[in-house]
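Report on the structure given below.
Read-outs throughout are calculated quantities, based only on the coordinates presented, and are distinct from any laboratory measurement. Just so we're clear, the structure is a prediction, and the values are computed from it rather than from any experiment. Ideal geometry is used to build each Cβ from the backbone, glycine not excepted, and the neighbour counts take in all protein chains shown.
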Amino acid sequence: MSIKTPYLILAAAFLCACASAPDIKGSWIDNRKPEPPLSKQGIYFGENGQAASINAENKAYKSWALKGKDLTLKGIDASDGEIQDFTEVYKVKEVKNGAMTLEKDGKQIRFTKDNSANYKESN
């Protein structure tokens, strides 16, 4: 075994670790303040790809999938007076120290992890 082989193994392990999907399960509160600021709003990422909206009036998240750093959310939107299925795709920019940053269309949305009992799935 040449001296280069351990470095190649170490580099391959590092690349695999960087490419793995972050763990986002749990409740995440959107750091943007709703107008008026009535309650915390966000998304619950449950087991087996289940999702739920947290205090959202017109948007109901139903499922999520994370492939690498691409997060796909699916659900139902009733904000225009009619019910429509939707799919949103975000890039997970960072998950660190109880904070998560998502990006879509060049805009970043920051979330804070909050696993209070109030935000867990009801079913």
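Need one word for the range 22-97: rounded, prolate or oblate. Basis is the Cα gyration tensor (sqrt eigenvalues a ≥ b ≥ c); a/c below 1.5 gives rounded, then a/b vs b/c decides.
Since a/c reaches 1.5 but b/c is at least a/b, the shape of the range 22-97 is classed as oblate.
If I model a spin label at Glu88 and Lys113 as a point 7 Å from the Cα along the Cα→Cβ vector, what separation in nanometres do I get?
Roughly 2.1 nm, to one decimal.
With θ taken as phi - 60° and the coefficients 6.51, -1.76 and 1.60, list the Karplus ³J(HN,Hα) couplings across the range 87-103 in order, rounded to whole Hz; mark glycine and proline as x.
9, 10, 10, 10, 9, 7, 7, 7, 10, 7, 6, x, 10, 9, 10, 10, 10
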